[in-house]
Structures are given as structure tokens and as C-alpha cells.
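*Asks:* Sharing a structure here in C-alpha cells format.
The values are calculated or read from the model by the stated rules, or taken from the named source; none is laboratory data. Keep in mind it's a predicted model, so treat the numbers as computed, not measured. Cβ atoms come from the backbone with ideal geometry, glycine included; neighbour counts cover every protein chain shown.
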Amino acid sequence: MFESFYLFLGQLIVSLIIIIAILIAVVLVLGSILLKKNILIFPKVIIFLIDLLYSPIKKVLKLFKKDESIVDIIGIKARNKVNMEKFSKIPANETLIFLPHCLRHRDCEAFLQETGLICTECGKCSIGVIHNKGVKLKYEIYIVPGSSFVKKIAQEKKFKAVIGVACHSDLNQIMMLLSDFCPQGALLKTTGCFETKVDMKSLLKIMNSKKEQK
Ligand code: SF4
């Protein structure tokens, strides 16, 4: 009786491991087609599997000494492509932009308040440029020190779409968290506590996608 139960349990665990391995392989194959050829196949499957198997995929990549951020890059690119059409139809004044405060200049004198940093557009860093353009386009912009601010602001504000700027894993996770708000993301090109750089071309392309609806 016990023997057959343990045999069944063992078979079940092995079957589960095989299924998970196949699903991870599916994500990585479809993801590499997306990254190398810019062709998005079964986007909802990719996004669903990344959300479901995020940690196991990272562990497999680590095991094979591959760059773990690949899973985040695939997730961000897939979400950007899937959401773009709906995102572009939502007016800028119903869209929030979250910028990380590591973009600021080391001599930034802006104050941190409950909704993040209050940029005075002093001209020392790219936040000022993005803030200036974003305000003109009627976006609501928040310069935040971390994901806890993003969660708090997202709970308090009424909005329909969101743009995030962050490093690989933070951006992918913010886009997962706010997946109901057709998120768009632009990656940081460098990381650190101050004076990081954002992929400005991608960010401006996303911001300008609503231009006609101002
Ligand atoms: S532009 Fe804004 S965020 Fe950048 S250093 Fe000046 S006040 Fe700080």
C-alpha cells in the first residue's frame, strides 16, 4: 500500500519536473526568437510562463552559467509589444510614469516627499529633461526610490496606463505587478545609486506614442 503510494508520488514529482523543464525550454526558445529576430510568437504564453516560472527560469539560467537577466529582458520586450497598441490609445493624462531616483545627479537638491522626489528641473540630470517633456505631454510623473513607492502610488491614483523605467529585474517585476495597466518599460543602461542612464530613445518613443491624442 505504502510502496505504491510512494511510487505514485515519485512518478508525479518526476513528471512535474519534466513538464516544468519543457515549459522553461519553450520560454527560452520563444524568447531567443524574440530577442534575436524581433519576432513575437505566442506572446501571451511567454508572459504567462514567465510570471508562473520566474524563479525556476532564473535558477536554470544560473545553473547553466547564463545571464539571468535574459528572462527579464524577454518579459519586458514581450509586454512592450503586446501592450503597445492598447497603451497608445490611452491619453497621456491617464498614464503614470515611474522614474527611478538613481537617475538623479549626485548633487541633486530635490526633496523626497510621500510621492517621491520633487524635481525642480535644475538641468543637472536626465530626470529634468524627461520631467519637462512629460509634463508638456500631460503625463503624471513620479520619481521613486523603490517599488514600495510604486505600489503605494498605484493604489492611491486613478490611471489606465503606466510607463516604468528601471533595471532589468525591477522593471520586469513592476510590469508584472501592473499588468492590468498595459505597462510599457524602458531599461536603464547603467546601474548604481546616482547618475544612472536610461535608454532615452526607447523612453521617448514610448512617451511620443500618444502624441496625436493630446
Ligand atoms: S533635474 Fe531634477 S532630479 Fe535632476 S538633479 Fe535637478 S532637481 Fe534633481
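*Asks:* For region 168-190, how many residues meet the condition of being touching a residue at least 40 places away in the same chain (Cβ under 8 Å) and outside any helix (DSSP H, G or I)?
*Replies:* Residues in region 168-190 being touching a residue at least 40 places away in the same chain (Cβ under 8 Å) and outside any helix (DSSP H, G or I): 6 in total.
*Asks:* Scanning region 144-194 for residues that are in contact with a Ser or Thr (Cβ under 9 Å, 6 or more places away or on another chain) and more than 28 Å from LYS44 (Cβ to Cβ), which turns out surrounded by the fewest Cβ atoms within 10 Å (Cβ to Cβ)?
*Replies:* The qualifying residue surrounded by the fewest Cβ atoms within 10 Å (Cβ to Cβ) is GLU156.
*Asks:* Please find, within region 130-143, the residue that is surrounded by the fewest Cβ atoms within 10 Å (Cβ to Cβ) out of those that are more than 7 Å from the ligand (Cβ to nearest atom), in a helix (DSSP H, G or I) and in contact (Cβ under 8 Å) with a residue 12 or more places away in the chain.
*Replies:* LYS133
*Asks:* Ok, one more. Scan region 82-128 for residues that are surrounded by fewer than 15 Cβ atoms within 10 Å (Cβ to Cβ) and within 9 Å of the ligand (Cβ to nearest atom) and jot them down.
*Replies:* Correct list: ARG106, ASP107, GLU109, ILE118, THR120, GLU121, CYS122, GLY123.
Matching residues to (1) over 17 Å from GLU94 (Cα atoms); (2) of a type in the set (S, T, N, Q); (3) at pLDDT 95 or above:
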{"residue": "ILE141", "(1), (2), (3)": "no, no, yes"}
{"residue": "ILE163", "(1), (2), (3)": "no, no, yes"}
{"residue": "CYS167", "(1), (2), (3)": "yes, no, no"}
{"residue": "PHE181", "(1), (2), (3)": "no, no, yes"}
{"residue": "LYS189", "(1), (2), (3)": "yes, no, no"}
{"residue": "ASP199", "(1), (2), (3)": "yes, no, no"}
{"residue": "SER209", "(1), (2), (3)": "no, yes, no"}
